[in-house]
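Take a look at the structure below.
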Amino acid sequence: MAVDELDTRILRLLLEQPRTSAREYARVLGVARGTLQARLDRLERDGVITGTGPSLSPAALGHPVLAFVHIEVTQGHLDDVGEALAVVPEIIEAFSITGGGDLLTRVVARDNAHLEDVIQKLISLPGVVRTRTEVALRERVPYRTLPLVEAVGRAAGG
């Protein structure tokens, strides 16, 4: 999907001012509201914009411990384990990976004891062979997409 200079400006505004109205975005960008809406619709349809909900902080929800748990799965059970992981509320992301392990999960917990309980729950899932856990100490670069949006925009000539 080609992202041009106007798309880049729209995405920047969405990231920097997510609670602004479409009318205000159009005014700031100097484009018609219909043009803006057509661009937003296309960006959503093409999968560039994947959500509009708020970003929530697990730490503020009482789960300040963040860990990455690598899970090794019995051959042929990846889908089953993936479905079982989706039921565990403390798992906020899970990916199939290459390298050391089959799955990488991002897990949050209230404290270290709670993290151990979650890991024990994961180990007991049918198809899980073993886990390896790494606890995050401090976030150094928060999840972000704006630098990527800007790089794509520059590459498109914007």
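The values are calculated or read from the model by the stated rules, or taken from the named source; none is laboratory data. Just so it is clear, the model here is predicted, and its values are computed rather than measured. Keep in mind that these areas ignore ligands, DNA and RNA; they rest on the heavy atoms of the full protein, side chains included. Shrake-Rupley method; radii C 1.70, N 1.55, O 1.52, S 1.80 Å.
When 52, 145 are compared by accessible area at a 1.4 angstrom probe, the order from most to least is 52, 145. Largest accessible area first, the residues 25, 143 order themselves as 143, 25 under a 1.4 Å probe with ligands, DNA and RNA left out. Look at the alpha carbon pairs under 8 Å that are at least 6 residues apart: their mean separation over the length of the stretch 1-113 gives a relative contact order of 22 percent. Rounded to the nearest 10 degrees, the angle from helix 5-16 to the longest Cα principal axis of the chain is 60 degrees. Taking 4 °C and 1.567 mPa s as the conditions, I'd like the Stokes-Einstein D for the stretch 18-158 in µm²/s, using the Kirkwood hydrodynamic radius from alpha carbon pairs. Calculated translational D: 71 µm²/s.
Where a ≥ b ≥ c are the square roots of the eigenvalues of the C-alpha gyration tensor, would you call the stretch 1-77 rounded, which needs a/c under 1.5, or, failing that, prolate if a/b is larger than b/c, or oblate? Verdict is oblate for the stretch 1-77. Going by accessible surface with a 1.4 Å probe and the largest first, 96, 21, 55 read 55, 96, 21. Taking all protein chains as they are arranged and a probe of 1.4 Å, the heavy atoms of residue 95 leave approximately 100 Å² accessible to solvent.
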